[in-house]
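Taken together, the values in this text are just the output of simple stated rules run on the coordinates, not laboratory data. All values derive from a computational prediction rather than experimental measurement. Using ideal geometry, Cβ is built from the backbone for each residue, glycine included, and neighbour counts are taken over all protein chains shown.
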Amino acid sequence: MSTKMTKDVSCPRCGAVIKTEMWPGIGAQESPPLRERVMDETLFDWKCPECGYEAQLVYPCLYHDKQNGFLVYVVPNAGCCSPQAVDVSEEFPQFGGMKKRVVTTPAGLKEKILIFEAGLDDLAVELVKLALADVAASKHGTEVETSYFSAVDREADRMEFSFFLPGRDEPVRRGTRLDVYRKSLEIVRSVGADGDSGKFESVDYDAAQETLRRYREEDE
Ligand SMILES: [Zn+2]
């Protein structure tokens, strides 16, 4: 099920106090329209009806998808504290056995949904991203700021990603063959990183780096 709350938000521009609907809990199967708003990146949009000021208002939100077996917790600014500390498995025993992830942005939530709905392993996808980001960085002579999985096409044997470079609004798109993903999945399995500790985990760039480090250690 999904949970709604209404909070007073004061407009940072005109000061008007606006009753604002928020969704601290979203069920994928129960609320398809909310899932749609996550996917078109409008769920956290906020607009002041008095002066027209627009902003993104990101609040903690737990997205759950029973059918595909995953939970994603959006915790804005989780960089300030350890996301690993988020342990709600005791609070929510009904979510036992589901993959649990923590992300800090709406784009991060959307990416996890795309990955898990496609039946992919997110750590292996992060490894593919790591490899492709290096290629994109050397090609464009700059570091990649952020990158996102965008689609998989099993028939065409392709996986697509978007890479955001500094100073550019539009992402650079890059694809690769699924072989790279399968190799990455082997690495994930060989280090025993199944990403299912029962706690909310951050499976991101750092996790991919750590997995590679462990893999290389084992190799020596
Ligand atoms: Zn306003």
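In the chain, helical runs assigned H by DSSP with n ≥ 4 each contribute -39500 (n - 2.57); averaged across all residues and rounded to the nearest 500, the mean residue ellipticity at 222 nm is -9500 deg cm²/dmol. Listed by chain and number, the lysines placed with their C-alpha closer than 16 angstrom to that of residue 100 are 66, 110, 112, 199; residues fewer than eight positions away on the same chain are left out.
Along its principal axes, the stretch 1-76 has C-alpha extents of 43, 20, 20 angstrom, given from the largest down. Karplus-based coupling profile of the stretch 154-164, in residue order and whole Hz: 5, 5, 7, 6, 10, 10, 10, 9, 10, 10, 9, with θ = phi - 60° in 6.51 cos²θ - 1.76 cosθ + 1.60 and x standing for Gly or Pro. Converting phi to 3J(HN,Hα) with the Karplus coefficients 6.51, -1.76 and 1.60 and the offset θ = phi - 60°, the stretch 176-188 yields 8, 6, 5, 3, 4, 5, 5, 4, 5, 5, 4, 4, 4 Hz in sequence order, with x at every glycine or proline. Just the C-alpha atoms of the chain: what Rg/Rh do they give, with Rh taken as the Kirkwood radius? Using only Cα positions, Rg/Rh for the chain is 0.99.
Farthest toward the positive end of the dipole of the chain, out of 28, 132, 156, is the Cα of 28, where the dipole comes from beta carbon charges about the Cα centre.
Return the FRET efficiency for the residue pair residue 160, residue 50: r is the Cβ-Cβ distance, R0 is 30 Å, and the value is rounded to the nearest 0.05. So, using R0 = 30 Å, E works out to roughly 0.15.
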